[in-house]
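Colleague: Quick one: the structure is below, questions incoming.
The values are calculated or read from the model by the stated rules, or taken from the named source; none is laboratory data. In this text, all values refer to a predicted model and were calculated from it rather than measured experimentally. Backbone-built Cβ (ideal geometry, glycine too); neighbour counts: all protein chains shown. For the accessible areas, the whole protein counts, side chains as well, though only heavy atoms, and no ligand, DNA or RNA atoms are used. Shrake-Rupley method; radii C 1.70, N 1.55, O 1.52, S 1.80 Å.
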Amino acid sequence: MSKFEKTIDQAIDSILDSYCKYGGINLEEAMNFPNQQNVITILDDILSLIFPGFRTAEEMDSATLRFVTGQKVNRIIAMLTREIQKALLYVVQDRGVECTHCYTLAEHTSRALIEEIPEIRRKVGLDVQAAYLGDPAAKSTDEVIVSYPGLEAIIVYRIAHFLCESGVPVIPRIMSEYAHGKTGIDINPGATIGESFFIDHGTGVVIGESCVIGNNVKIYQGVTLGALSVKKELMNKKRHPTIEDNVTIYANATILGGQTVIGEGSTIGGNTWVTKSVPPHTVLTQSGQNG
């Protein structure tokens, strides 16, 4: 063995030793934790079911649509069941209990997500229409589908939110952080968001876990819907604001606090800092409040 090979072997031994000392290793046979790349692959398949033919360069026409859809559905169920099972096992083992029916729960949830796809498509269709009607620069709904990062973040949110509401740990957050990395838009899957939601431009938008957003809400880049306090003991409390129907929030506005309510039909101006509730049909800017 050459000196170089010995050095490499020593480096490998050192890396393996660090696994024992510091953890952070996710072995497949241990059923330890969901795999990030697997979750992203699943998510990409689901997204291609939402808008078939838009996201992937695949051979597909009206004659093969059912076959291609069936392939994806079966692949999603198989892969997602395994990753959800890992997530459930990780949680229960961390609590020192066994989960003998984790696979059954995982498969049930995977199938439920597939059954939910038409409803997710209905909601996303309204989001697309909101973007098209809300942005004079949009030439068509197809353009919105293929080129608007706000829409992509919302679609991923709607998928992740369904899984979150179904009690799936970890995986919804992996999905939302993947979208965050691609779009610059951070929507926690625990947030509750109504229909016809539009994020224009989008970069730097943050929507917190307990945020509640109504219907026909439009927000611009840099908006933060966050918490006044980030103490760990508040993790199960409502920490983020409520945005009622038909509200517009302009760029770089910051709205904080679980008791803060932005009333229906209000407009929040750019660069405003809001920590108190705003009555319905109010225009709030840096210079003050107009009823």
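Colleague: Report, by residue number, each residue of the range 132-144 that is among the hydrophobic types (A, V, I, L, M, F, W, C) and open to solvent by less than 40 Å² (accessible area, probe 1.4 Å).
Modeller: From the range 132-144, those among the hydrophobic types (A, V, I, L, M, F, W, C) are 133, 137-138, 144; that's our starting set.
Passing the criteria: Ala138, Val144.
Here is a yes/no grid of residues against (1) outside any helix (DSSP H, G or I); (2) touching a residue at least 40 places away in the same chain (Cβ under 8 Å); (3) more than 15 Å from Ile219 (Cβ to Cβ):
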| site | (1), (2), (3) |
| --- | --- |
| Ile154 | no, yes, no |
| Phe162 | no, yes, yes |
| Met175 | no, yes, yes |
| Lys182 | no, no, yes |
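Colleague: Go through (1) at negative phi; (2) open to solvent by less than 80 Å² (accessible area, probe 1.4 Å); (3) at pLDDT 95 or above for Trp273 and report which single condition fails.
Modeller: Among (1) at negative phi; (2) open to solvent by less than 80 Å² (accessible area, probe 1.4 Å); (3) at pLDDT 95 or above, Trp273 violates only (2).
Colleague: Something else now. Here are the criteria: (1) under 25 Å from Phe33 (Cβ atoms); (2) open to solvent by 20 Å² or more (accessible area, probe 1.4 Å). Tell me which single one Ile187 does not satisfy.
Modeller: Unmet condition: (2).
Colleague: Residue check: is Val156 at pLDDT 95 or above and within 20 Å of Val274 (Cα to Cα)?
Modeller: No.
Colleague: Further question on the same structure: Please determine whether any residue of the range 156-179 is open to solvent by less than 20 Å² (accessible area, probe 1.4 Å) and under 19 Å from Thr248 (Cα atoms).
Modeller: no
Colleague: Tally time: how many residues in the range 2-44 are modelled with pLDDT of 70 or more and part of a helix (DSSP H, G or I)?
Modeller: Adding up the residues that qualify gives 25.
Colleague: Here is a further query. Quick one: would you say Arg122 is surrounded by fewer than 17 Cβ atoms within 10 Å (Cβ to Cβ) and assigned to a helix (DSSP H, G or I)?
Modeller: yes
Colleague: Can you confirm whether Ser210 is in contact with a helix residue (DSSP H, G or I) (Cβ under 6 Å, 6 or more places away or on another chain), among the hydroxyl-bearing types (Ser, Thr, Tyr) and open to solvent by 10 Å² or more (accessible area, probe 1.4 Å)?
Modeller: no
Colleague: Restricting to the range 206-216, count the residues that are without any contact (Cβ under 8 Å) to a residue 40 or more places away in the chain and touching a Gly at 6+ places or on another chain (Cβ under 7 Å).
Modeller: Within the range 206-216, residues that are without any contact (Cβ under 8 Å) to a residue 40 or more places away in the chain and touching a Gly at 6+ places or on another chain (Cβ under 7 Å) number 5.
Colleague: Take the residues in the range 145-154 that are more than 8 Å from the chain's Cα centre (by Cα) and among the β-branched types (Val, Ile, Thr), then tell me which one is farthest from Tyr132 (Cα to Cα).
Modeller: Only one residue fits best here, namely Val146.
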